[in-house]
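Novice: Let me give you the structure first, and then I'll get to my questions.
The values are calculated or read from the model by the stated rules, or taken from the named source; none is laboratory data. Since we're looking at a predicted model, the values are computed, not measured. A quick note on method: Cβ atoms are made from the backbone with ideal geometry, for glycine too, and the neighbour counts reach across all protein chains shown. Calculation scope for accessible area: heavy atoms of the full protein, side chains included, ligands and nucleic acids excluded. Shrake-Rupley method; radii C 1.70, N 1.55, O 1.52, S 1.80 Å.
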Amino acid sequence: MSILVLADLHEGQLAGATAHVVAAAQAIGGDIDVLVAGEGVQAAADAAAKLDGVSKVRVADNAAYAHQLAEPMGALLVELAGDYTHVLASASTTGKNVLPRLAALKDVSQLSDVIGVESADTFLRPIYAGNAIATVKSDDALKVITIRTTGFDAVGTSGSATTEAVDFVADNAQSSFVKQELAQSDRPELGGAKVVISGGRGMGNGENFKLLDGIADKLGAAIGASRAAVDAGFVPNDMQVGQTGKIVAPELYIAVGISGAIQHLAGMKDSKVIVAINKDEEAPIFQVADYGLVGDLFEILPELESKL
Ligand SMILES: Cc1cc2nc3c(=O)[nH]c(=O)nc-3n(C[C@H](O)[C@H](O)[C@H](O)COP(=O)(O)OP(=O)(O)OC[C@H]3O[C@@H](n4cnc5c(N)ncnc54)[C@H](O)[C@@H]3O)c2cc1C
């Protein structure tokens, strides 16, 4: 077996997701190569070479891959895929954009959001918002798989893989990069944060979300939200956790004024420790919480911050 992992990049640097995808590749077994594609990505390639279990890092450093647009990235993967039995990427915006293109061009089926590996051809993936887990087997010669990173613990960084340049330059005439607008934040990225504190409709308004800031600062946490809080306009939608938002599995998840609807739980129930703050002791969030505080969040949050 030979596996190619498409590295996730964040502002040109290797994103944490890649270490989780390499862990999934290890569960499959076989030689693992990592593809780092972008422009000016030597630092990312060096970081990828340190990931445990990686044999070789293939570096496609070219303006054609600068923004990881689906068309040139798809063409690059088609060019390289012949060397591999499996191509893996995280189920991130880029992975979900690029891998189905590879699957279509190679005329194989796509396996999405994989959370477990049974064998080299059989995988586990959640369906119905995580209420059931499907076991899927692929008979395709090439398996094209996106990995839900929360399903696999990251590999360590004591490796020393070789690096090799990829000369192939894809034609990217079909699409061009126009611009991107990124939210500026000093906080950790929601998807990779070790601690997440999220507010729900119970926060009352956007101004009250500031009550979470002090606690997030003390814990080094990212701030998330329920869809009700997003839909009410309290906070922007990139903060949404859940079925139609981000999937997170931090060490610690604190849900504040969130009832615990199944669609919210779909995005956070794999967190290691869950703390819920809610004034309704019957709220379903308490069924998944390790620690529950029943009370008014407007009293509990300032007290929690001062105790921290
Ligand atoms: C197709 C689909 C996809 C969806 N995707 C998502 C998703 O990705 N993420 C998501 O979150 N939801 C999603 N939803 C919506 C979901 O069903 C719920 O409506 C939503 O999660 C509710 O948000 P909430 O818990 O903040 O609000 P509510 O359910 O209104 O709960 C508010 C909670 O705050 C508590 N509260 C109020 N005041 C206080 C106070 N002063 N102190 C302490 N507690 C207080 C209340 O007791 C209550 O439990 C989706 C729904 C559908 C149909």
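Novice: Look through Asp270, Asp238 and report the one residue that is more than 11 Å from the ligand (Cβ to nearest atom) and under 22 Å from Asn205 (Cα atoms).
Specialist: Matching residue, one of Asp270, Asp238: Asp238.
Novice: Which numbered condition trips up Gly224, out of (1) surrounded by 22 or more Cβ atoms within 10 Å (Cβ to Cβ); (2) within 8 Å of the ligand (Cβ to nearest atom)?
Specialist: Only one criterion in (1) surrounded by 22 or more Cβ atoms within 10 Å (Cβ to Cβ); (2) within 8 Å of the ligand (Cβ to nearest atom) is unmet by Gly224, namely (2).
Novice: Are any residues in the range 283-308 assigned to a helix (DSSP H, G or I), within 12 Å of the ligand (Cβ to nearest atom) and open to solvent by less than 80 Å² (accessible area, probe 1.4 Å), and if so, which ones?
Specialist: The answer is Ile285, Phe286, Leu297, Ile300, Leu301.
Novice: Which of the residues spanning the range 122-174 are within 24 Å of Gln110 (Cα to Cα), small (Gly, Ala, Ser) and under 25 Å from the mean Cα position of the chain (by Cα)?
Specialist: Ala129, Gly130, Ala132, Ala134, Ser138, Gly151, Ala154
Rundown of residues vs (1) more than 22 Å from Val155 (Cα to Cα); (2) of a type in the set (Ser, Thr, Tyr); (3) at pLDDT 95 or above, yes/no style:
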{"residue": "Gly16", "(1), (2), (3)": "no, no, no"}
{"residue": "Ala23", "(1), (2), (3)": "no, no, yes"}
{"residue": "Gln26", "(1), (2), (3)": "no, no, yes"}
{"residue": "Asp33", "(1), (2), (3)": "no, no, yes"}
{"residue": "Gln42", "(1), (2), (3)": "no, no, yes"}
{"residue": "Lys56", "(1), (2), (3)": "no, no, yes"}
{"residue": "Ala64", "(1), (2), (3)": "yes, no, no"}
{"residue": "Leu76", "(1), (2), (3)": "yes, no, yes"}
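Novice: Is there a residue being open to solvent by 30 Å² or more (accessible area, probe 1.4 Å), over 20 Å from Ala161 (Cα atoms) and in a loop (DSSP other than H, G, I, E, B) anywhere in the range 27-34?
Specialist: For the range 27-34, residues open to solvent by 30 Å² or more (accessible area, probe 1.4 Å), over 20 Å from Ala161 (Cα atoms) and in a loop (DSSP other than H, G, I, E, B): absent.
Novice: Looking at (1) under 23 Å from Gly74 (Cα atoms); (2) in a strand (DSSP E or B), find the lone condition where Arg125 falls short.
Specialist: (1)
Novice: Kindly provide the set of residues from the range 94-111 that are under 18 Å from Glu39 (Cβ atoms) and surrounded by fewer than 20 Cβ atoms within 10 Å (Cβ to Cβ), ordered by number.
Specialist: Within the range 94-111, Asn97 is the sole residue that qualifies.
Novice: Could you please give the count of residues in the range 227-236 that are touching a Ser or Thr at 6+ places or on another chain (Cβ under 9 Å) and either modelled with pLDDT under 95 or open to solvent by less than 60 Å² (accessible area, probe 1.4 Å) (or both)?
Specialist: Residues flagged as touching a Ser or Thr at 6+ places or on another chain (Cβ under 9 Å) and either modelled with pLDDT under 95 or open to solvent by less than 60 Å² (accessible area, probe 1.4 Å) (or both) within the range 227-236 amount to 2.
Novice: For Asp280, which of the numbered conditions (1) within 11 Å of the ligand (Cβ to nearest atom); (2) buried (at least 22 other Cβ atoms within 10 Å of the Cβ) fails to hold?
Specialist: Only one criterion is unmet by Asp280, namely (2).
Novice: Tell me which residues, restricted to the range 241-252, are over 21 Å from Ala183 (Cβ atoms) and more than 6 Å from the ligand (Cβ to nearest atom).
Specialist: Passing the criteria: Ala249, Glu251, Leu252.
Novice: Moving on. When you scan the range 223-271, how many residues do you find that are part of a helix (DSSP H, G or I), closer than 18 Å to Lys210 by Cα and either of a type in the set (Gly, Ala, Ser) or touching a residue at least 40 places away in the same chain (Cβ under 8 Å) (or both)?
Specialist: 4
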